[in-house]
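Comments concern the structure below.
The values are calculated or read from the model by the stated rules, or taken from the named source; none is laboratory data. Computed from a predicted structure; not experimentally measured. Counting neighbours? That spans all protein chains shown, and the Cβs are built from the backbone with ideal geometry, glycine included.
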Amino acid sequence: MEESATAAQYAQACSKDGALPMSETELITPRERVLRAVRRQPADRLPTQITFTPLAAAQAAHWLGVEPAALPGVLGNHIEGVGINDIVRVEGDTSFDIWGIGWDNTINDGFQVNVNPLADLGDLQSYTFPDPDDPALYRGLQARIASNEQGRAMVGSMGFCLWEKYYLLRGFQSAMEDLVREPALVEDLLEHILAVQLAVARNLASLGIDAGHTGDDFGSQRGLLFSPVLWRKLLKPRYERLWSVFKSAGLPVIHHSCGDIRDILDDLIDIGLDVLNPVQTHAMPPEELASRWGDRLSFYGGICTQRVLPHATPDEVRTFIERLRATLGRRGGWIMGPSHDATSDMPRENFFAMLEAMGVR
């Protein structure tokens, strides 16, 4: 397909039901494709998943001539995240969640927090931790899982899980200082956070999900945010306890961490990690990931939203995706997709080059 291909030309190259032509004997569902990728087992093709920031979703929907809500179906996404209903009130431009964290509603190409409820430690004595067994948190989730007309993998989503929840409560700078100045506070607050998240994980697992997906950014572009020793002391044992909820239910574990976390990948695998997301490939070379960990770990993401999708040529986008197919995907253990939510700085031509190289629509 030429770089100048229009949305109509692209759509014409696809089958009428929105998928590329497949064998008449093909019976594999999106859910089964995902689970085979998790287990690094062969399938008819690799599963795909494309998500967007709100601004990028509106842009992509315009290019495809659909509404933003239709994008998962039009693009043939294989995963549907199932998370708790955690927003409890809106005040002006700020949405407050069950933890009292205030999220900026005006940000539509990322996220920003306006309110850290424990920025002042004097507020800790009066702070009330959320009730993880509140039925309102799970209202409608069972019905969503049961309906699942697209046959997707229904994944229990728990973003901003432990460390990120800590710094969203305290503020990032205070949280980093606490690691050195207030180690007892860090341990105590993490235990309270973990107690809530353990119950959430148990409740999500009981709904019939296909996998657990936690999220905590442990890394920056240049390495871990803190030493491996500190991570192993504060977070490794707590994640082992959290992931054991999913493991005891027979569910695989997906974990999201941005940045270069190679120093703790063996630890993560040892305590139960099955799939690494979002695979920031300009922080961790895909060749190294595949050669060192690809026999024990599957990958989800990797198509660079930092340099490739916004700044490369369409041919370079296609070449980069083929590089990932030959590395991350060589054992079948790759859920194809961007290395984070696609953002609005992605040119139209690169969007369609990505779809073509991924074989979606």
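Brief remarks on what is shown
- Among all positions in the range 186-204, there is at least one residue which is among the small types (Gly, Ala, Ser), crowded, with 21+ Cβ neighbours inside 10 Å, at pLDDT 95 or above and assigned to a helix (DSSP H, G or I).
- Tally, over the range 205-227, of residues that are out of contact with any Cys (no Cβ under 6 Å at 6 or more places or on another chain) and outside any strand (DSSP E or B): 12
- A residue that is among the charged types (D, E, K, R) and under 14 Å from Gly329 (Cβ atoms) cannot be found anywhere in the range 59-70.
- Output for the range 306-361, where each listed residue is farther than 13 Å from Thr48 by Cα and among the small types (Gly, Ala, Ser): Ala312, Ala326, Ala342, Ser344, Ala353
- The range 277-305, residues that are hydrophobic (A, V, I, L, M, F, W, C) and closer than 8 Å to Ser339 by Cα: Val279, Ile303, Cys304
- Here the range 300-347 is the region considered, the condition is being more than 19 Å from the chain's Cα centre (by Cα) and among the acidic types (Asp, Glu), and the residue that is nearest to Ile79 (Cα to Cα) is Glu322.
- Restricting the range 47-56 to residues that are of a type in the set (A, V, I, L, M) and crowded, with 21+ Cβ neighbours inside 10 Å leaves a set whose member that is nearest to Ser298 (Cα to Cα) is Ile50.
Conditions tested, residue by residue: (1) within 19 Å of the chain's Cα centre (by Cα); (2) under 30 Å from Leu27 (Cα atoms).
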| site | (1), (2) |
| --- | --- |
| Phe129 | no, no |
| Ala146 | no, yes |
| Ser157 | yes, yes |
| Leu169 | no, no |
| Val180 | no, no |
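- In the range 239-255, the residues that are buried (at least 21 other Cβ atoms within 10 Å of the Cβ) and in a helix (DSSP H, G or I): Tyr239, Leu242, Trp243, Val245, Phe246
This table checks each residue for (1) in a strand (DSSP E or B); (2) surrounded by 18 or more Cβ atoms within 10 Å (Cβ to Cβ); (3) touching a strand residue (DSSP E or B) at 6+ places or on another chain (Cβ under 6 Å); (4) modelled with pLDDT of 95 or more.
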{"site": "Gly100", "(1), (2), (3), (4)": "no, yes, no, yes"}
{"site": "Asn108", "(1), (2), (3), (4)": "no, no, no, no"}
{"site": "Phe111", "(1), (2), (3), (4)": "no, no, no, no"}
{"site": "Asn114", "(1), (2), (3), (4)": "yes, no, yes, yes"}
{"site": "Tyr127", "(1), (2), (3), (4)": "no, no, no, yes"}
{"site": "Ala143", "(1), (2), (3), (4)": "no, no, no, yes"}
{"site": "Met154", "(1), (2), (3), (4)": "yes, yes, yes, yes"}
{"site": "Ser157", "(1), (2), (3), (4)": "yes, yes, yes, yes"}
{"site": "Ala175", "(1), (2), (3), (4)": "no, yes, no, yes"}
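- When Trp163 is tested against the conditions (1) surrounded by fewer than 22 Cβ atoms within 10 Å (Cβ to Cβ); (2) among the hydrophobic types (A, V, I, L, M, F, W, C); (3) closer than 23 Å to Ile84 by Cβ, the lone failure is (1).
- Test: residue in the range 84-93 that is within 28 Å of Met346 (Cα to Cα) and surrounded by 16 or more Cβ atoms within 10 Å (Cβ to Cβ): no
- Restricting the range 228-237 to residues that are assigned to a helix (DSSP H, G or I) and in contact with a Phe, Trp or Tyr (Cβ under 9 Å, 6 or more places away or on another chain), the residue that is farthest from Val186 (Cα to Cα) is Trp231.
- For Gln41, the criteria (1) in contact (Cβ under 8 Å) with a residue 40 or more places away in the chain; (2) over 26 Å from Leu198 (Cα atoms); (3) out of contact with any helix residue (DSSP H, G or I) (no Cβ under 9 Å at 6 or more places or on another chain); (4) outside any helix (DSSP H, G or I) hold in every case but one, which is (3).
- Criterion (surrounded by fewer than 18 Cβ atoms within 10 Å (Cβ to Cβ), touching a helix residue (DSSP H, G or I) at 6+ places or on another chain (Cβ under 9 Å), part of a helix (DSSP H, G or I) and at pLDDT below 95) met by exactly one of Ala11, Ala70: Ala11
- The sole residue among Thr313, Thr305, Thr319 that is polar (S, T, N, Q) and touching a strand residue (DSSP E or B) at 6+ places or on another chain (Cβ under 9 Å) is Thr305.
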